[in-house]
Amino acid sequence: VILAVALAWSAPDVAFDPAVIAEIHAASPRERGRLLARLRASWSDEPSLAGAPIVLADAAIVEEGGSLRFIGTAEVWWTATATQRSITLRWLPHAFGGEITARSAGVDLPARATETLVEVPLEPPLSAGEGGALTLRFVVDVPAPPLPEDLGVFNASNLGLFATDGQIVALGHALPIVDGDARVLPQFGEHGRFPAGFWSARLEVPPGFVAVGATDGVRAGVREVGLAALRGDAGLTRHVAGPPAVTVYAAEAGEEIATHALGALRWHGERYGAYPWPSFTIVELPWLPIEGMEMSGFAFLRRGTSPAGMVAAHEVAHQWWYGIVGSDPRNHPWQDEALATYTAWRYWQDASGAAPPPPPDERAAAYLPGAAYDLPTYASAVYRQAPHLYLSLAEACGDRDLGRPLWDYADANRFGMAGPRAVVAALERACGRRKVDQAWRQWIQVHP
Ligand SMILES: [Zn+2]
């Protein structure tokens, strides 16, 4: 599909300083690269964010007939690291009929959208060090949640992360994201690899609605911001705790979720490096077919998940394993999932006294891409078996929370992307190669 037509609606103005936006678009690509570098430096001195993409989104929910429409503008700015002839963005709403247009320096560009990817050709191409700037305008009716029987497969388009029941509007993956590798969605498995960037999002809502999530200025080092909107209270009670400022919207276990989200933020911060963002938000979804889904500074939880405090702790753990240290959740799902499961188990053990669960009776290779599994084997190998790599090494190495290797892993890969070798190497440095080899064979490789 080629979407080059002007969309017949008016998007709200971007809240970010319009003079800066105009300056970025008017600059030559070379000069734009310099302007973007200066902007990043004004927000953060993290070396790994020196070339990070910038997303400034201004969106709104509009009631239109019987549906809730998500419209908006996103400024997407980046710096080319090599000759670049196009840029590909991840935009989940296209899978639900969303339309998006692209413009740069006052010129309309054709945006080729397929499935959840949007590719915009750059003519002339950018050279290394040059800056790109797109103004994306989008419109989509937020779809109804998936039916429970739809979860025959599991991928980002059928989890109800971008969905509304008319009361709660979940805006997961709803803004365009600069994608790390722009692969089409697999039949089974998680989303793409998102580089850490600078994000600012504003969300306007109709009268009687509340906007929820990261709408508090530019955030450094986030992979995407989480947003939602609620009609009235949407049947959810708001619980707050902190610092860091935790806000939970839940019908049932809100107090428990807030207590353990805060507890897990502090527990992880003490062991693996401070939580880098000003707030953390959790919104419970009645229709979520999985227990939870993480975004930077934000998570959705399934209503009725149990123990809710432990599931909240798992999504908090992802703030380090996914958020601070990025990885490839599709090719190496064990890398962030088994680690988030292990550190959340440890937090939960300290908070509740409950011992980590025993491994499953049936063992399977745990290092495979998500697409190699069916749902029961995936859940068993990645979430129940693979975390025992860490439990067994914690015992063998006399470091209960693996504080030393995991601090090093988080620190060395802060706001970057790490392959699985990086976490294994950190474990080897702390525990010795022989012990790690042995644990790897037992819990991850698993010879048949
Ligand atoms: Zn997880």
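The values are calculated or read from the model by the stated rules, or taken from the named source; none is laboratory data. Not measured: the values here are computed from a predicted model. For neighbour counting, all protein chains shown are included, and Cβ atoms are generated from backbone atoms with ideal geometry for every residue, glycine included. What goes into the accessible areas is simple: the full protein's heavy atoms, side chains included, and nothing from ligands, DNA or RNA. Shrake-Rupley method; radii C 1.70, N 1.55, O 1.52, S 1.80 Å.
Laid out as a table, the results:
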item: Odd one out for L36 among (1) within 30 Å of D165 (Cβ to Cβ); (2) open to solvent by less than 40 Å² (accessible area, probe 1.4 Å); (3) of a type outside the set (S, T, Y); result: (1)
item: Matching entry among A182, A274, A228 (being aliphatic (A, V, I, L, M) and modelled with pLDDT under 95); result: A182
item: Which numbered condition S296 fails, given (1) more than 28 Å from G213 (Cα to Cα); (2) of a type outside the set (A, V, I, L, M); (3) out of contact with any helix residue (DSSP H, G or I) (no Cβ under 9 Å at 6 or more places or on another chain); (4) within 15 Å of the ligand (Cβ to nearest atom); result: (1)
item: Candidate set from segment 278-303 (those that are open to solvent by less than 10 Å² (accessible area, probe 1.4 Å) and in a loop (DSSP other than H, G, I, E, B)); member that is nearest to Y347 (Cα to Cα); result: G297
item: Residue match in segment 17-26 (condition: crowded, with 17+ Cβ neighbours inside 10 Å, at pLDDT 95 or above and part of a helix (DSSP H, G or I)); result: yes
item: Selection status of Y390, within 15 Å of the ligand (Cβ to nearest atom), under 30 Å from A228 (Cβ atoms) and more than 17 Å from the chain's Cα centre (by Cα); result: no
item: Subset of segment 262-280 (residues that are over 17 Å from the mean Cα position of the chain (by Cα) and under 12 Å from V316 (Cα atoms)); result: L262, G263, A264, R266, W267, H268, G269
item: Which listed residue, of A102, A133, A60, is in contact with a helix residue (DSSP H, G or I) (Cβ under 7 Å, 6 or more places away or on another chain) and either assigned to a strand (DSSP E or B) or not small (G, A, S) (or both); result: A133
item: Among residues of segment 352-377, those that are under 28 Å from G263 (Cβ atoms) and without any contact (Cβ under 8 Å) to a residue 60 or more places away in the chain, counted; result: 8
item: Scan of segment 308-354 for residues that are within 14 Å of the ligand (Cβ to nearest atom), open to solvent by less than 10 Å² (accessible area, probe 1.4 Å) and part of a loop (DSSP other than H, G, I, E, B), ordered by number; result: H318, Q319, W320, G323
item: Subset of segment 120-163 that is modelled with pLDDT of 95 or more and among the charged types (D, E, K, R) - its residue that is farthest from S28 (Cα to Cα); result: D141
item: Hey, S380 touching a residue at least 60 places away in the same chain (Cβ under 8 Å), among the polar types (S, T, N, Q) and within 16 Å of the ligand (Cβ to nearest atom) or not; result: no
item: Subset tally (residues that are surrounded by 16 or more Cβ atoms within 10 Å (Cβ to Cβ), small (G, A, S) and modelled with pLDDT of 95 or more) for segment 355-378; result: 3
item: Criterion (surrounded by fewer than 17 Cβ atoms within 10 Å (Cβ to Cβ), more than 20 Å from the chain's Cα centre (by Cα) and among the charged types (D, E, K, R)) met by exactly one of E256, E252; result: E252
item: Single residue of P125, P110, P121 found to be in contact (Cβ under 8 Å) with a residue 60 or more places away in the chain and open to solvent by 20 Å² or more (accessible area, probe 1.4 Å); result: P110
item: Some residue of segment 411-420 being under 24 Å from V311 (Cβ atoms) and either free of Cβ contacts under 8 Å to residues at least 40 places away in the same chain or away from the ligand (no atom under 16 Å from the Cβ) (or both); result: no
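Matching residues to (1) polar (S, T, N, Q); (2) within 12 Å of the chain's Cα centre (by Cα); (3) within 16 Å of G326 (Cα to Cα):
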position	(1), (2), (3)
P148	no, no, no
N155	yes, no, no
L161	no, yes, no
D165	no, no, no
R183	no, no, no
Q187	yes, no, no
E190	no, yes, yes
A196	no, yes, yes
